[in-house]
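Visitor: Below: one structure in structure tokens.
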Amino acid sequence: MDFSRLQASSKIGDDWVYPQPPCLNFGWLEVDRDPAHRIYWEEYGNPDGEPVMFLHGGPGGACAPAMARFFDPKRYRVVLFDQRGCGKSEPNVASAGPAVALSKNTTADLIGDIEKLRDHLEITGRMHVFGGSWGSTLAMAYGIAFPDHCASLVLRGIFLGASEDLLYLYQGNAATWEADPYALTAPGAYIKYPGEWGELLSVLTPDERCDVMASYKAIFDMVPATEAESERQLKAALTWSLWEGVISNMIPETADTGKFGEADFALCFAQIEAHYFANELFLPAGHFFDNIAALATIPVHIVHGRFDEVCPLTQASRLVAALRAAGAEPATYVVTNAGHSAMERENALALTAVMDGLAGIADRSRPRAADAGMNRGSSPG
């Protein structure tokens with residue numbers, strides 16, 4: 001039988017609108033002390049263009065150069081940065097350990113880092129804030145804190161972080177899985193990805209599966225005393241990372257797991273996510289709905305995959321309903337035939353279309369001259 005004509009990928013592939021732009025500047029900015037956190041940043045596009053602050057997902061997902069391809073390089077000045085504890089920022093969870101890298105690592109700290117990076121890059125006016133998944137969460141939290149700094153919020157794969165949202169992704173039928181792995185005893189992403197779900201639960205004992213997130217967090221918090229404990233900790237991080245990475249695509253590509261299957265990435269990604277989830281994202285319950293009036297003052301553009309199993313469409317639906325109740329129709333609301341990942345073709349093209357159609361910023365800031373903290377025209381390597 002020949003299945004070669006079936007669609008094998010839902011990723012963007014060669015269908016990007018814009019080519020990969022070169023990195024114009026990069027550097028590290030010290031944003032805290034005791035411990036000293038330094039965030040890594042890069043700039044792409046037009047140095048005199050409208051500023052875009054790109055907020056990656058996870059938390060702990062880090063940035064990659066391809067993330068600059070959503071934007072017209074002649075129009076936009078795109079800033080990518082790795083949030084605390086991940087990517088090229090220092091200290092890194094994988095190399096320095098969670099005790100150090102997760103210290104002073106909260107949503108409020110990340111909002112403060114955005115402000116410090118704005119100041120460092122001399123972005124004094126409004127900017128577009130672009131974020132997906134956890135990046136949408138952070139973008140909304142930033143917009144509530146600094147609405148006057150936001151020309152727009154461009155959000156993909158809305159993540160509200162409510163308990164039911166996390167239970168959908170990480171709990172599902174885990175408590176009864178041992179007795180009947182295919183029983184639909186609760187809603188959850190496991191329904192669409194039963195094989196990957198089995199891998200996630202295989203790390204845990206039947207008793208530990210009664211609270212999957214807490215059990216994984218306990219493994220991550222463990223200080224390994226033996227080689228076996230170290231191996232279990234790494235396996236847990238990789239399994240957690242691969243679960244989200246694989247199911248982010250409507251068509252899973254298990255043979256090409258990318259960064260999600262890399263040990264250093266997984267150790268950062270899994271442990272930072274577990275840290276934030278265990279602390280309710282370091283936000284008050286109902287934060288976005290209690291502050292919907294602030295969000296309603298900003299043009300909000302939403303792209304969400306209909307088949308998103310990491311952050312189901314109901315989360316975008318809730319946000320849109322709240323904005324409408326506050327008298328603010330979303331500036332854009334596009335539901336794509338895609339899953340969660342921004343790198344899926346339909347999501348990537350929709351996001352690019354949104355950015356191409358945004359109203360311009362009249363009070364854009366111009367970058368300052370190169371100094372010791374910037375490496376204009378260099379490559380980050």
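Visitor: Within the group Pro187, Pro147, which residue is within 30 Å of Ala328 (Cα to Cα) and surrounded by fewer than 18 Cβ atoms within 10 Å (Cβ to Cβ)? Give the steps one after another, and end with the answer.
Guide: Values: Pro187 fails: within 30 Å of Ala328 (Cα to Cα).
Result of the check over Pro187, Pro147: Pro147.
Visitor: Still on this structure: Starting from residues that are open to solvent by 20 Å² or more (accessible area, probe 1.4 Å) and of a type outside the set (S, T, N, Q), keep the ones in segment 98-110 and report whichever is nearest to Gly27 (Cα to Cα). Explain how you work it out, then say what you get.
Guide: At the first step, the residues of segment 98-110 found to be open to solvent by 20 Å² or more (accessible area, probe 1.4 Å) are 98-100, 102-104, 106, 108-109.
Retained after the next criterion (residues that are of a type outside the set (S, T, N, Q)): 98-100, 102, 104, 108-109.
Details: Pro98: 23, Ala99: 25, Val100: 21, Leu102: 21, Lys104: 21, Ala108: 22, Asp109: 19 Å.
Within segment 98-110, the match that is nearest to Gly27 (Cα to Cα) is Asp109.
Visitor: Scanning segment 173-184 for residues that are more than 20 Å from Ser163 (Cα to Cα) and among the hydrophobic types (A, V, I, L, M, F, W, C), which turns out surrounded by the most Cβ atoms within 10 Å (Cβ to Cβ)? It would help to see each step written out before you state the result.
Guide: Here is the first cut: in segment 173-184, the ones more than 20 Å from Ser163 (Cα to Cα) are 177-183.
After this cut, where a residue has to be among the hydrophobic types (A, V, I, L, M, F, W, C) as well, the list is 177, 179, 183.
On the way: Trp177: 23, Ala179: 10, Ala183: 10.
Ranking the qualifying residues of segment 173-184, first place goes to Trp177.
Visitor: Which number in (1) outside any strand (DSSP E or B); (2) within 12 Å of Arg69 (Cα to Cα) marks the one condition that Asp2 misses?
Guide: (2)
Visitor: Out of the residues in segment 350-362 meeting the condition of being among the hydrophobic types (A, V, I, L, M, F, W, C) and not in a loop (DSSP other than H, G, I, E, B), tell me which one is surrounded by the fewest Cβ atoms within 10 Å (Cβ to Cβ). Spell out how you get there, then give the answer.
Guide: At the first step, the residues of segment 350-362 found to be among the hydrophobic types (A, V, I, L, M, F, W, C) are 350-351, 353-355, 358-359, 361-362.
Among the residues that remain, those that are also not in a loop (DSSP other than H, G, I, E, B) are: 350-351, 353-355.
Values: Ala350: 24, Leu351: 23, Ala353: 14, Val354: 22, Met355: 23.
Among those that are among the hydrophobic types (A, V, I, L, M, F, W, C) and not in a loop (DSSP other than H, G, I, E, B), it is Ala353.
Visitor: Which of (1) at positive phi; (2) in contact with a helix residue (DSSP H, G or I) (Cβ under 7 Å, 6 or more places away or on another chain) is the odd one out, the single condition Asp34 does not satisfy?
Guide: Condition not satisfied by Asp34: (2).
Visitor: Output yes when any residue across segment 227-242 is without any contact (Cβ under 8 Å) to a residue 12 or more places away in the chain, of a type in the set (S, T, N, Q) and open to solvent by 20 Å² or more (accessible area, probe 1.4 Å), and no when none is.
Guide: Within segment 227-242, one or more residues are without any contact (Cβ under 8 Å) to a residue 12 or more places away in the chain, of a type in the set (S, T, N, Q) and open to solvent by 20 Å² or more (accessible area, probe 1.4 Å).
Visitor: Counting just the residues of segment 295-315 that are hydrophobic (A, V, I, L, M, F, W, C) and free of Cβ contacts under 8 Å to residues at least 40 places away in the same chain, which one comes out farthest from Trp240 (Cα to Cα)? Step through it out loud before you land on a result.
Guide: Kept after step one, since they are hydrophobic (A, V, I, L, M, F, W, C), are these residues of segment 295-315: 295-296, 298, 300, 302-303, 307, 310-311, 313.
Still in the running and free of Cβ contacts under 8 Å to residues at least 40 places away in the same chain: 296, 313.
On the way: Ala296: 35, Leu313: 22 Å.
Among those that are hydrophobic (A, V, I, L, M, F, W, C) and free of Cβ contacts under 8 Å to residues at least 40 places away in the same chain, it is Ala296.
Visitor: Something else: Can you name the number of the only condition in (1) buried (at least 22 other Cβ atoms within 10 Å of the Cβ); (2) on the phi < 0 side of the Ramachandran plot; (3) touching an Asp or Glu at 6+ places or on another chain (Cβ under 7 Å) that Lys192 fails?
Guide: Result: Lys192 passes all but (1).
Visitor: Out of the residues in segment 298-347 meeting the condition of being of a type in the set (A, V, I, L, M, F, W, C) and touching an Asp or Glu at 6+ places or on another chain (Cβ under 8 Å), tell me which one is nearest to Val129 (Cα to Cα).
Guide: Filtering segment 298-347 for residues of a type in the set (A, V, I, L, M, F, W, C) gives 298, 300, 302-303, 307, 310-311, 313, 316, 319-323, 325-326, 328, 331, 334-335, 338, 342-343.
Subset that is touching an Asp or Glu at 6+ places or on another chain (Cβ under 8 Å): 310-311, 323, 338.
Values: Val310: 22, Cys311: 20, Leu323: 18, Ala338: 22 Å.
The qualifying residue nearest to Val129 (Cα to Cα) is Leu323.
Visitor: Of the conditions (1) open to solvent by 70 Å² or more (accessible area, probe 1.4 Å); (2) touching a residue at least 12 places away in the same chain (Cβ under 8 Å); (3) under 20 Å from Val93 (Cβ atoms), Glu262 satisfies every one except a single condition; which number is it?
Guide: Against the list (1) open to solvent by 70 Å² or more (accessible area, probe 1.4 Å); (2) touching a residue at least 12 places away in the same chain (Cβ under 8 Å); (3) under 20 Å from Val93 (Cβ atoms), Glu262 comes up short only on (2).
Visitor: Report, ordered by the first and then the second residue, all pairs with beta carbons closer than 9 Å, sequence separation of six or more or different chains, a first member in segment 42-67 that is over 11 Å from Gly87 (Cβ atoms), and a second member that is among the acidic types (Asp, Glu) and open to solvent by 10 Å² or more (accessible area, probe 1.4 Å).
Guide: Gly45/Asp72; Asn46/Asp72; Gly49/Asp72; Pro65/Glu42
Visitor: Considering every residue within segment 244-258, establish whether at least one is among the hydrophobic types (A, V, I, L, M, F, W, C), open to solvent by less than 20 Å² (accessible area, probe 1.4 Å) and in a helix (DSSP H, G or I).
Guide: Taking segment 244-258 and keeping what is among the hydrophobic types (A, V, I, L, M, F, W, C), we get 246-247, 250-251, 255.
Among the residues that remain, those that are also open to solvent by less than 20 Å² (accessible area, probe 1.4 Å) are: 246-247.
With the extra rule that they be in a helix (DSSP H, G or I), the set shrinks to 246-247.
Yes, segment 244-258 contains at least one residue that is among the hydrophobic types (A, V, I, L, M, F, W, C), open to solvent by less than 20 Å² (accessible area, probe 1.4 Å) and in a helix (DSSP H, G or I).
Visitor: Is it true that Gly135 is closer than 30 Å to Leu267 by Cα and open to solvent by 10 Å² or more (accessible area, probe 1.4 Å)?
Guide: Answer is no for this residue.
The values are calculated or read from the model by the stated rules, or taken from the named source; none is laboratory data. Remember, it's a predicted structure, so these values are computed and weren't measured experimentally. Cβ sites come from the backbone with ideal geometry, for glycine too, and all protein chains shown count toward neighbours. Just so you know, the surface numbers come from the protein's heavy atoms only, side chains and all, with ligands and any DNA or RNA stripped out. Shrake-Rupley method; radii C 1.70, N 1.55, O 1.52, S 1.80 Å.
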